[in-house]
Amino acid sequence: MAILVTGGAGYIGSHICVELLRIGEDVIVLDNFSNAKPEVIGRIKQIAGRDFPARAADVRHEAAVRQVFADYDVEAVIHLAGLKAVGESQVLPLRYYQHNVAGALVLCAAMQEAGCKTLVFSSSATVYGAEGPVPFREDHPLSAVNPYGRTKIMIEQILRDLHASDSAWRIASLRYFNPIGAHESGLIGEDPLGTPNNLLPCIAQVAAGRRPRLTVYGGDYDTADGAAVRDYVHVADLAQGHVSALTYLRGYTGAEAFNLGTGRGYSVLELVSAFAAVSGRPIPYVIAPRRAGDIAVCYADAAKAEKILGWRTRRSLRQMCADAWRFTRTMLETAK
Ligand code: WQD
């Protein structure tokens, strides 16, 4: 039996596939390649030394999704396919509800029809909204300040309703904090098509000389150095969190949410200096006004995942930067 990974060619999905293949699981990827390059599939195979099927299809496409369940014996699904740019979600809300919410509905209906009822869902710490106190625990009230975040809250709710209607479902919603870093091989990592929105790809572009300087949004937060604080988590640790969730679901029925974070925050400026130290490159920056919708401090209470899933992060901020930098250099080399 195989694990279906939707969005498996993406930044997080590709690392999950590597991890699943490494521990001997069979994998099937479904990805529409709207924000991932097809060559990522070859790189996953290269790292894992194993082959697996990959389908270029959209998770909203009912017939295509059904066909996967007809063609393969799918034990469980790890669902990551979706859109994730906060700003874009404010401009194009319908697109976000369609891709994320309708996509999840199509997928769950196909799973139900096929009798496959084990699902790990890619959620986000954004479901905790703008109100503290930190660290965020899983029972913190859910709220969101943009359509992207609302799609995650809606999908989590749909999954709880699904389990309430049929207790055979085994569901884990994993709330990611700020995934950064890359696979230690330097072959896969965060490679957004177009202009990046997130902090680390921006820092990497400055270090690589592709941008003159970084804009730091907000220098007047109530934090030690005035910059916003986030819980950066290595993408390889995050990938292992999915495997831990899958293992847990094999012995559990229910619908449960887990934070995936380190439980510790670093400021934007701390990340900048860690990256500068690891890369040996200067990272000039200017402090600009706060970015709309940002909160000052966000980090996880990571106790539940450790207690129930037996998962905790192992990789340091330094390693996150070193691995991201290795990937950036690989990308620059291959672009030459
Ligand atoms: C981190 C910090 C920025 C860029 C977002 C989504 C969230 C989740 C992860 C998932 C903030 C600052 C950024 C720059 C900066 N999404 N920054 N200069 O906002 O914590 O979370 O991504 O899919 O849902 O909201 O992450 O990386 O955008 O920002 O100073 O050029 O870096 O203001 O304080 P964020 P981020």
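The values are calculated or read from the model by the stated rules, or taken from the named source; none is laboratory data. What you are looking at is a predicted structure, and each value in this text was computed from that prediction instead of being measured. Note that we place each Cβ from the backbone using ideal geometry, even for glycine, and neighbour counts take in every protein chain shown. For accessibility, only protein heavy atoms count, side chains too; no ligands or nucleic acids. Shrake-Rupley method; radii C 1.70, N 1.55, O 1.52, S 1.80 Å.
Rolling a 1.4 Å probe over the protein heavy atoms of the range 96-158, with every protein chain left in place, gives an accessible area that is 55 percent carbon and sulfur. For the range 212-297, the list of chymotrypsin sites (Phe, Trp or Tyr not before Pro) that fall in a loop by DSSP and count at most 16 other C-beta atoms within 10 angstrom reads 252.
Add +1 for every Lys or Arg and -1 for every Asp or Glu among the other residues with Cβ under 15 Å from the Cβ of residue 117, and state the total.
So the surrounding residues net to -3.
Taking square-rooted eigenvalues a ≥ b ≥ c of the alpha carbon gyration tensor, is the range 3-91 rounded, prolate or oblate, where a/c under 1.5 means rounded and, failing that, a/b exceeding b/c means prolate? Don't jump to the answer; show the numbers that get you there.
Details: a/c = 1.97, a/b = 1.27, b/c = 1.54.
Taking the square roots of the gyration eigenvalues as a ≥ b ≥ c, the range 3-91 is oblate.
The long axis of helix 268-279 is offset from the longest Cα principal axis of the chain by roughly 90 degrees. Mean projection of the Cα convex hull over all viewing directions, computed for the range 119-194: 7.3 nm².
Restriction of the trypsin sites (Lys or Arg not before Pro) in the range 115-168 to DSSP coil positions whose beta-carbon has at most 14 other beta-carbons within 10 angstrom yields 137. Of all DSSP bridge pairs formed entirely within the chain, close to 5 percent run antiparallel.
With Cβ to Cβ distances under 12 Å as the rule, what net charge do the other residues near residue 149 carry (K, R +1; D, E -1)? Please report the intermediate quantities before stating the final value.
On the way: positive: 84, 150, 152, 175; negative: 156.
Every neighbour counted, the sum reads +3.
Note on the range 7-45 and the range 194-229: Cα centroid distance 28 Å, given to the nearest whole angstrom. Average accessible surface for the range 120-223: 41 Å² per residue, computed with a 1.4 Å probe over protein heavy atoms with every protein chain in place. With respect to the chain, whose longest principal axis is taken over its alpha-carbon atoms, helix 62-71 is tilted by about 70°. When restricted to Cα atoms, the chain yields an Rg and a Dmax of 19.1, 56 Å, respectively. Loop-located GluC sites (Glu not before Pro) across the range 74-131 with a Cβ neighbour count of 14 or fewer within 10 Å are 131, with loop assigned by DSSP.
Looking at the calculated P(r) for the range 1-159, what percent of the C-alpha pair distances fall above 27 Å? Please list the in-between numbers first.
On the way: 3190 of 12561 pairs.
So the portion of pairs separated by more than 27 Å is 25 percent.
Hey, could you get me the Stokes-Einstein D for the range 188-336, Kirkwood radius over alpha-carbon pairs, 20 °C and 1.002 mPa s, rounded to whole µm² s⁻¹? After rounding, the answer is 127 µm²/s. Between helix 103-114 and the chain there is an angle of about 30 degrees, using the helix long axis and the longest principal axis of the Cα atoms. Within the assembled protein chains, the solvent-accessible surface assigned to residue 154 is about 80 Å², based on a 1.4 Å probe.
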